[in-house]
1. Take A:A235 and decide whether it is hydrophobic (A, V, I, L, M, F, W, C) and open to solvent by 10 Å² or more (accessible area, probe 1.4 Å).
2. When the residues of segment A:218-239 are filtered to those that are more than 8 Å from chain C (Cβ to nearest Cβ) and in contact (Cβ under 8 Å) with a residue 60 or more places away in the chain, which remaining residue is farthest from the chain's Cα centre (by Cα)?
3. Out of C:F99, C:F60, C:F25, C:F65, report the one residue that is modelled with pLDDT of 85 or more and not in a helix (DSSP H, G or I).
4. Output the number of residues of segment C:238-260 satisfying the condition of being among the β-branched types (V, I, T) and more than 10 Å from every other protein chain (Cβ to nearest Cβ).
5. List every residue pair whose Cβ atoms lie under 9 Å apart, where the two residues are 6 or more positions apart in sequence or sit on different chains, the first residue falls within segment B:134-159 and is on the phi > 0 side of the Ramachandran plot, and the second residue, located anywhere, is basic (K, R) and assigned to a helix (DSSP H, G or I).
6. From A:F251, A:F242, A:F300, grab the single residue that is loosely packed, with under 14 Cβ neighbours inside 10 Å and within 13 Å of chain C (Cβ to nearest Cβ).
7. So which residues in segment A:200-209 are open to solvent by 10 Å² or more (accessible area, probe 1.4 Å) and either within 12 Å of chain C (Cβ to nearest Cβ) or on the phi > 0 side of the Ramachandran plot (or both)?
8. Any idea how many residues of segment C:224-249 are open to solvent by 20 Å² or more (accessible area, probe 1.4 Å) and modelled with pLDDT of 85 or more?
Amino acid sequence: MSTQAEPAGAPPPAEAERTGRHRAPLSAGARQERRLGWLLCAPAVIVMLAVTAYPIGYAVYLSLQRYDLRFPAQAEFVGLSNYGAVLTSEFWWDAFWVTLFITVVSVAIELVLGMGLALVMHRTIFWRGTVRTSVLVPYGIVTVVAAFSWQYAWTPDLGYLAELLPSGDAPLTEMWSALWLIILAEVWKTTPFMALLLLAGLALVPEETLKAAMVDGATPWQRFTKVMVPLMKPAILVALLFRTLDAFRIFDNIYVLTGGAQNTGSVSILGYDNLFTALNLGIGSAISVLIFICVGIIAFTFVKLFGAAAPGAEVK
Amino acid sequence: MAEIILEGVTKRFPDGALAVQNVDLDIADGEFVILVGPSGCGKSTTLNMIAGLEDITEGTLRIGDRVVNELSPKDRDVAMVFQSYALYPHMSVRENMGFPLRLAKVDKATVNAKVEEAARVLDLTAHLDRKPANLSGGQRQRVAMGRAIVRDPKAFLMDEPLSNLDAKLRVQMRTQISRIQRRLGTTTVYVTHDQTEAMTLGDRVVVMRQGLVQQIGTPADLYDHPRNLFVAGFIGSPAMNFLNATLENGVLRSPLGDLPLDDRTRQALERQNAPRELILGLRPEAFEDAALARGRERGRPVFTATVEVLESLGSDVYVYFSAEGGPVTTAELEELATDSGLRDTGAEAGQQIVARLDAATRAREGEPVELQVDMGKAHVFDPATGANLTHPASVG
Amino acid sequence: MAAVGKTHATRWGVLNVVVVLYALFPVWWIAALSFKDPSTLTDGDYIPREWTWENYRGIFDTSEFTRALVNSIGIALISTVIAVALGTMAAYAVARLRFPGKKVLIGMSLLIAMFPPISLVSPLFNIERIIGIFDTWIGLIIPYMTFSLPLAIYTLSAFFREIPWDLEKAAKVDGATPAQAFRMVIVPLAAPGVFTTAILVFIFCWNDFLFAISLTSTEAARTVPAAIAFFTGSSQFQQPTGSIAAAAVVITIPIILFVLFFQRRIVAGLTSGAVKG
């Protein structure tokens, strides 16, 4: 349609996609397409860069300063000493191991529960809409709301769950029981998300393949492990990656349930406390950068371990 | 309604690939022309250029008395039926069919009248207020047709409109399209890869291969006088049988034995300085059970074959047998084999021969049968060029 | 289905009930709490003995909550509109155009989807104080729209790939100008995907807590999740349990409505965006 100017906002010529693969890099049409592509992506890219890349750079800069908000005049460059302080402090390592524990345990439980939930959503013979609707409630609900519901449930003299315990037990005030309750809240809230991602994977398993396996004599368990799981592998890995990174960032649930008391604080809680309780921007920023590095390592490990199946590689 | 004239129309993609080369085609007002060929032959690109969905690199395209190279699709006044039907899923059948008219700012009453009329013709009246998602494949196809005919355009362009239907429905819709086109008398260009559709629907058929027009002619013309190996192999079902043969003293030595050429063919070959090595093409109906031969037919050359598979269609019997000698391989035939999916059947390509015999034949599977060959129906091709040496001047 | 045995049906029935109970019980519990009279608040019952609107009246009387509600709605809506608008443009390019750098864009969105928000809290806190948008709507809208952009781009590009773009051609042959083809054919087809994405993005923004407590300090921009958390500290001796429960229920209502009316779309949006990426 070289004969007419495209109005702004109108889509490009319909043949763009089909003939695209024939195009040499420098033809006029390809140049136009390329320019339009960049133009359309530019706002999103600029926003994402401005709000993440720049601040993270700034965080690195702040982390190299002694910068206490109570004494801003004393700010000065101190090199890596903030990192030294953090990495030699037992607070950091306690928080780190707590976070890791919560992440590994909750993701493992979620995978199993989520798979079950996905199977129920996928295969149930009636009430499918109702089941899916109710499963979306934990996904959609505000984490803080859910956390309060759990907190009250476990509060002695108030909650229905606390009543089940020997009287006087306050599970949220002891480290291990509190950690398990945090995991419970986390699992309740995010299992539906895991289940939905797995459901997408289940939809990719052809019904006929399962029937073929059944005719070939596979038991239900064999059909699950030998046919469904291998075919769902990409979906499982995506779900695991997203949930692992998400769990590592855990904040809301802990903040409401224990506030990080009794050594139940995650690294995010620690960073927040250093910023807003201790008002130490330098240390807080160092923790921020360390968390960023941890998440980077987790993501990198996933991509390295699972290579082609990682979401980045899946994207065309 | 209008004639469509292509003069030297060429489509070159920016990377230099030639999709369509130098197509000359005069489509008369009201004519039904089929573009046929294997996938990638340029037939759809040609149709898209006529529609204006694809730029023309070189050459001239006229619709009516206007050169339309530079016109956008909406200004060409042509209607198109897509393979996927391209129905608007958010519009009802009525809205789908009325869409082009609404765009043309036709008043509501007229739109309604025209849509109702088209719906009546296509038997869609009961479905007018349904959405495409709730229609069967055949109904969707008819809606796509309806959207084209309500406009009363200068030309219908159809891009494999029937290939998503099942076999029976396809035959029904084929006759319906033919009937509608005849009644409306609208110039129609129809793209298909199915030679049966091409043969049954078209006034004229354009056979294309690799962006080049191979032959333009009436269906009978293409069948009886294929200009080259490609057309010969493409048109006709079951396809023409090809055999390697050697010309010696006016006799073709072939895996079926020595076959004497008739005078006309011999002279034609001499005139063209035919090479010694040739390809012999015999359509299934060039064979007959020798036991059923009558009168003059008795003088025809006879050979014995062992029937491997016999298919009885009631009116005819198809007999499959093998001939000795290596398979015939040329680029054209390779392409045809690939396109028809013969490659995927795992069958040995080449010397499987199929003959169409009268239903009265006594041939049995696994038993030998004497067959005679009507050399008057034989075609002889030059293996190097693929040209048909039997009918050199008969097409043009 | 007649062949399905009774035990089979019973088994699915039990499973379904378990799933529904699992999903809804904590919500029911806090809702029940919100309707309890302060005197029966501690009875641990699943159904209030006496229903009362007292807690709701209480929170709607304080600007602490009403102001937060306005903030929540306003900030989430504006962030959603911006994120979906930018996301639509980028997703259209990703789904339909060929251009170098597409992979970079997709990789970058993926990175941001994995980004730990806490890492941004300290720099953003400082930057926003310096440029004067700390404790304002803008100060929250900026991180919200950024962190929801990957979600928007992923979901939308998955939806856009499903659109039969052939229809654009059909419309042109039917006599539409490119603008008409866009408006009359493409927009109606893209709208459901955009709408679904908007719901997902809205839920995401509505849900945030970390930025809300870090980048606000007063009622000016504090959203409900943050405000609720501050209810608690008000008194050592009288726990504002009832108020919190009531506020929690109020901000759960939009979620419940979305889920009830758009279950199918939300499931489609989450699953398509996540796997096909």
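The values are calculated or read from the model by the stated rules, or taken from the named source; none is laboratory data. All values derive from a computational prediction rather than experimental measurement. Virtual Cβ from ideal backbone geometry, glycine too; neighbours counted across all protein chains shown. What goes into the accessible areas is simple: the full protein's heavy atoms, side chains included, and nothing from ligands, DNA or RNA. Shrake-Rupley method; radii C 1.70, N 1.55, O 1.52, S 1.80 Å.
1. no
2. Selected residue: A:K233.
3. Criteria check complete, one pass: C:F99.
4. Total meeting the criteria: 1.
5. Pairs that qualify, where the first residue is on the phi > 0 side of the Ramachandran plot and the partner is basic (K, R) and assigned to a helix (DSSP H, G or I), are B:D152/B:K114.
6. Matching residue, one of A:F251, A:F242, A:F300: A:F300.
7. A:A200, A:A203, A:L204
8. Residues flagged as open to solvent by 20 Å² or more (accessible area, probe 1.4 Å) and modelled with pLDDT of 85 or more within segment C:224-249 amount to 2.
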